[in-house]
Amino acid sequence: MIQQSASNASLGRGFGGPGKYVQAPGALRALGEYLNAYGPTTFILIDRFIDDLMGAELRESLAKAGVTAHFELFGGECSAEEIDRAVTAAKNAGGHSVVGIGGGKTMDTAKVVAVDLKLPMIIAPTVASTDAPCSAIAVRYTSAGVLDTGLFLMRNPDLVLVDSAVVAAAPPRYLISGIGDAFSTWFEARSNLEARCDNFIGHRHPPTAAGIAIAQKCHEILLRDGLSARQAVERGALTPAVEAIIEANTLLSGLGFENCGVSAAHGISDALTELDAAHAYLHGEKVAFGVLCMLVLEGRPHEEFVEAAEFLKSVGLPTRLEDVGLIDASDADLDLVAEVALKAGASTLRTSVPLSTQMVRDAIIAADANSSALGHGPAWRGGKS
Ligand SMILES: [Zn+2]
């Protein structure tokens, strides 16, 4: 997904992130007040589900703050066609800012519209399933839903507004998937540091100490609060642990990956999408298994693998091929995944270890076997198809 650059061996450094990040229960009720700072009119791209759920509340908040808004329902896919449609709608509406409220694709489309129209960009995620909201990256798909390209926008959101009550009330699978995406952040930052790869800021730079510290903190909070947060959201409770995990998934992981880079966990997880059986799984779920594959690929101590696998298992994330629908994948399937994981531009190449198709394939098989040996369930069956 992410295009990479080779290290430029520069002594410089770069850091980027959103202009402002606000996370609180009920934060969306203050949307009008926040938007007023950018001008009296706004264009809002919103998921139909969220508009149905809280459209009346949002309109009331805007009216109270004296902001006139044009609401546009998101068409369902962040495709070139939908981006064009939204840009035209926003131009016609003529607002002073562009807002995206909803899931990842809605937010990404709103980001592109805001950059295209050179307007302030306000992002309000209603789930914490990935670390995309704070970043300057949008992922474009074809109208058929196939991954097209990652767009590097040169501008991060001006404001990210997270209503933690809305996020905590979403199906728990989303927050758990976000933990999987966030769990890759520190391991992939370390991988990029060792490989001396540049980050994703502006024209690409080595990371700052701030970026590295944020990636480390992200990891610490996941281990501390991940399980407690899962148990809370499964019972519809909003606790300090849930707030901490929403921040880790959204802000810390977002800043961490953008400022330090992604690596083989994303490279392998992106490649798993070549296999239809993996399509039923969310991004962060596949990335979770990708982390374990990366630890094997990079030859990390087994204790580190065990700690990671046990954590992922405890929060309900995949640790084996079966957990991402691939227990019956053939030898040829895994060869294909390994090949795609190493194609030009793949994130896997941002590691400092020697790489070959066989090494990637064997890392996948060994990660699966290691987790199975920990009692997580049956290992990949293997064989020809
Ligand atoms: Zn990710």
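Where a number appears in this text, it was derived from the coordinates with a stated rule and is not lab data. A quick note: this is a predicted structure, and the numbers were derived from the prediction, not measured. Here the Cβ positions follow ideal geometry from the backbone for every residue, glycine too, while neighbour counts run over all protein chains shown.
Could you put Met54, Met294 in order, starting from the residue whose Cβ has the fewest other Cβ atoms within 10 Å?
Met54, Met294
Divide by every residue of the chain the summed helix terms, -39500 (n - 2.57) for each DSSP H run of at least 4, and state the resulting mean residue ellipticity at 222 nm, rounded to the nearest 500 deg cm²/dmol. Display every interim value, and only then the final one.
On the way: 14 runs with 186 residues, N = 385.
My calculation for the chain gives -15500 deg cm²/dmol from helical runs alone.
Would you list, by chain and number, the lysines whose Cα falls below 16 Å from the Cα of Lys91, excluding same-chain residues fewer than 8 positions away?
Lys111, Lys118
Please list, ordered by chain and number, the residues whose modelled amide H lies under 5 Å from the amide H of Thr68; skip anything fewer than 5 residues away on the same chain.
Residues meeting the criterion, in which the H sits 1.01 Å from N, are Thr41, Thr42.
Suppose we keep just the DSSP beta bridges with both residues in the chain; what percent of those would be antiparallel, to 5?
Values: 5 of 28 bridges.
Rounded to the nearest five, the antiparallel share is 20 percent.
Take every Cα pair under 8 Å in the chain that's 6+ residues apart, average their separations, divide by the length, and report that relative contact order as a whole percent.
17
Cut-off is 10 Å between beta-carbons; in what order do Tyr141, Tyr174 appear when sorted fewest neighbours first? Write out the running numbers ahead of the final one.
Values: Tyr141 17, Tyr174 20.
Ordered by Cβ neighbours within 10 Å, fewest first: Tyr141, Tyr174.
What aspartates and glutamates does Lys217 reach when the alpha-carbon gap must be under 13 Å and sequence neighbours fewer than 8 apart in one chain are set aside?
Asp225, Glu247
Among DSSP beta bridges lying fully in the stretch 21-169, give the percent that are antiparallel, nearest 5.
Antiparallel bridges: around 20 percent, rounded to the nearest 5.
Order these peptides, 124-132, 34-42, 92-100, by their mean beta-carbon neighbour count within 10 angstrom, highest first.
Packing order, densest peptide first, comes out as 124-132, 92-100, 34-42.
By a straight-distance test (C-alpha under 27 Å), which lysines pair with Lys343 as possible cross-link partners, with residues fewer than eight away in the same chain excluded?
Hits, sequence-local ones excluded: Lys105, Lys286, Lys384.
Ranked from highest to lowest mean number of other Cβ atoms within 10 Å per residue, what is the order of the peptides 56-68, 240-252?
240-252, 56-68
Based on the Cβ-Cβ distance of Ala237 and Asp116, what FRET efficiency does E = 1/(1 + (r/R0)^6) give at R0 = 45 Å, to the nearest 0.05?
0.65
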